[in-house]
Amino acid sequence: MRRRLPGRALAPALLLVAALPAAGGGAVLASASAAAASGSPHSHFALSGLPAQSRGPRVALSPPTRGVAYAGPARSAANVTAGTNVDVVGSNDVVQQATINGTSVFTCNPGKGAAQNETTIAASGSTLVAGANDYRLYEPSENRYDASGGFYRSSDGGRTWSAGFLPGLVRADTAAPGPYESAGDPAVVSGPNGTFWYANIAFDRTDLANSIAVSRSTDGGQTWSTHYVVQTSATAGKRIFNDKDWIAADPSDPAGNTAYVTWTLFKNRSSAIVISKTTDGGLTWSGPKKVSDLFTTDQGSTVVVGPDGTVYVTFETLTATGSAVAFAVSHNGGLTFTTRLIAPISDIPSPLPGATFRDDSFPTLAVDGSTLHVVWSNWNGSNARVAYVRSTDGGATWTSPVTIGGSTGDQFFPWIAARNGVVYASWFNRANGDTYSIAGAASTDGGAAWSAPVTLSRVTSNVQAGNEFSFPNCAFNFIGDYSGITVDSNGVGHSLWTDIRANRFDPRGQADQDAFTATLTASG
């Protein structure tokens, strides 16, 4: 029997929260009611695209005690070397002003650098293109600095970067204005023929209009054009919100004109994952269709396309027996999908005990030939761990979950990437409280065995030293909802994360949220 979101309409503040019990402890999916009664953590499938406005979490006062623990992986002899940490925004950052044109700005961060968070990155040859929620633009209609689609480009393997904004998204971008107040949920991928694709949600906080936008570059990320997959009016936005997108390019199209975008369609009482396709370079898109008619209480999709054009999608779903990783596959260009559950999810508490920022357990997916890799953050009863499964036969069978992120502290916001049998994963690593570092690991045999984790960030991030959100009730409650990692043509991994440190680009040594990257090189 299908479980659906409670009947709660979109409020004027654009807040939609559905209380969804997480999977309880045990090797199989426990019942939702039993999980709730046992003190298992709860997850909320809410609008991920409204950061800093309406979904700040409450502090977790007592840790949940139920969860699912998995064994560690087979350890390989591979060594992973971490490279220099690089601020991809650097001198392009701006300082948020307390007053503009005589008006007091609605900002929690006067005199501090603008935030960049929720990071994504892709590689094509030696060219890297990254994205983030970028708060450098001031939107007069809101009297606040709001997010847009920031893009960052490197042509030298990540040593130096340029920064810009995607055109046609937000009104505050005076060089190439779009119709909306804000944008979020950035997702960047590379495709054939030197193309890059960049998906966002774009929306108004003041009148409920919202959309899915896709930008495309045919010159290695130097210039972009933006078109809309769907646009929901302010009137329809009272009951519909398009949220949490992801995008994939089709490698079987040598012209680089074919791509798929998935997202969560909050409509009435469901939050189903839907998909749309373009075959003309993003000029036009097919109407959204559900990936699954069986699973419709979903969030956090990732879509990838195999070398033969097979489309794969993962997402978190709530069934009558709990939360799980749903896996869908299409062998006919996205016309139809077969969906199954491949692993239970024991949702991590949001926030983690002692923390103030929200998090999630959404699975992420990578494809390398016919091998598929999935990671998510899983609660083991006392800590968050990076769970990993793989399939070597295109999703027909899957391994049992193992944890690849170490055995101390909490690991969350993992991402994974693979190329020619080399697999990299990176994640946030928290010892306690509101501080974290970034760690990663590698497999040189397609995921059969994993290296020991290594620390990628040279400095520990302190959330309490960074940017605050949710004006006027300013709080350190948001650092993004995910991180990013990719593999370049030389087999080098590039991790991108939300970093909070004071560096030479910050005014008076004040730390703020910046997008930082580092390389991972596996040997042995």
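The values are calculated or read from the model by the stated rules, or taken from the named source; none is laboratory data. Computed from a prediction, not measured in an experiment: that's the story for all the values here. Please note: Cβ atoms are built from the backbone with ideal geometry, for glycine as well, and neighbour counts cover all protein chains shown.
Structure values in brief
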{"item": "Residue within the stretch 140-162 that is surrounded by fewer than 18 Cβ atoms within 10 Å (Cβ to Cβ) and part of a strand (DSSP E or B) present", "result": "yes"}
{"item": "Among (1) surrounded by 20 or more Cβ atoms within 10 Å (Cβ to Cβ); (2) touching a helix residue (DSSP H, G or I) at 6+ places or on another chain (Cβ under 9 Å) - the single one residue 125 does not satisfy", "result": "(1)"}
{"item": "Members of the stretch 419-451 found to be in contact with a Pro (Cβ under 6 Å, 6 or more places away or on another chain) and free of Cβ contacts under 8 Å to residues at least 40 places away in the same chain, listed by number", "result": "439"}
{"item": "Neighbours by Cβ (under 7 Å, 6+ apart or cross-chain): first from the stretch 69-98, more than 30 Å from residue 143 (Cα to Cα) and surrounded by 14 or more Cβ atoms within 10 Å (Cβ to Cβ); second of a type in the set (Asp, Glu) and at pLDDT 95 or above", "result": "76/445"}
{"item": "Answer residue from the stretch 163-190, given it is in a strand (DSSP E or B) and polar (S, T, N, Q) and is nearest to residue 107 (Cα to Cα) among those", "result": "182"}
{"item": "Residues located in the stretch 490-515, provided they are in a helix (DSSP H, G or I) and farther than 21 Å from residue 150 by Cβ", "result": "508, 509"}
{"item": "Test: residue in the stretch 231-253 that is free of Cβ contacts under 8 Å to residues at least 60 places away in the same chain, crowded, with 19+ Cβ neighbours inside 10 Å and within 25 Å of residue 164 (Cα to Cα)", "result": "yes"}
{"item": "Residue selected from the stretch 191-200 under the condition touching a Ser or Thr at 6+ places or on another chain (Cβ under 7 Å) and under 16 Å from residue 132 (Cα atoms), by the criterion surrounded by the most Cβ atoms within 10 Å (Cβ to Cβ)", "result": "196"}
{"item": "Residue tally, condition outside any strand (DSSP E or B) and farther than 27 Å from residue 391 by Cα, over the stretch 457-489", "result": "20"}
{"item": "Residues that are farther than 23 Å from residue 244 by Cα and among the hydroxyl-bearing types (Ser, Thr, Tyr), drawn from the stretch 469-498", "result": "489"}
{"item": "The stretch 190-229: number of residues that are more than 16 Å from residue 247 (Cβ to Cβ) and of a type in the set (A, V, I, L, M)", "result": "2"}
{"item": "Spans of strands (runs of 3 or more DSSP E) in the stretch 263-346 with at least 3 residues farther than 26 Å from residue 252 by Cα and not acidic (Asp, Glu)", "result": "270-278, 311-319, 322-330, 338-344"}
{"item": "The stretch 151-169 residues that are touching a residue at least 40 places away in the same chain (Cβ under 8 Å), paired with ones that are part of a loop (DSSP other than H, G, I, E, B) and surrounded by fewer than 17 Cβ atoms within 10 Å (Cβ to Cβ) (beta carbon under 7 Å, 6 or more apart)", "result": "153/222; 154/160; 155/126; 157/126; 167/176; 168/176"}
{"item": "Scope the stretch 305-327; condition farther than 16 Å from residue 396 by Cβ, of a type outside the set (S, T, N, Q) and surrounded by fewer than 24 Cβ atoms within 10 Å (Cβ to Cβ); matching residues", "result": "307, 309, 320, 324"}
{"item": "Yes/no for residue 415 being modelled with pLDDT of 95 or more, more than 24 Å from residue 492 (Cβ to Cβ) and crowded, with 24+ Cβ neighbours inside 10 Å", "result": "no"}
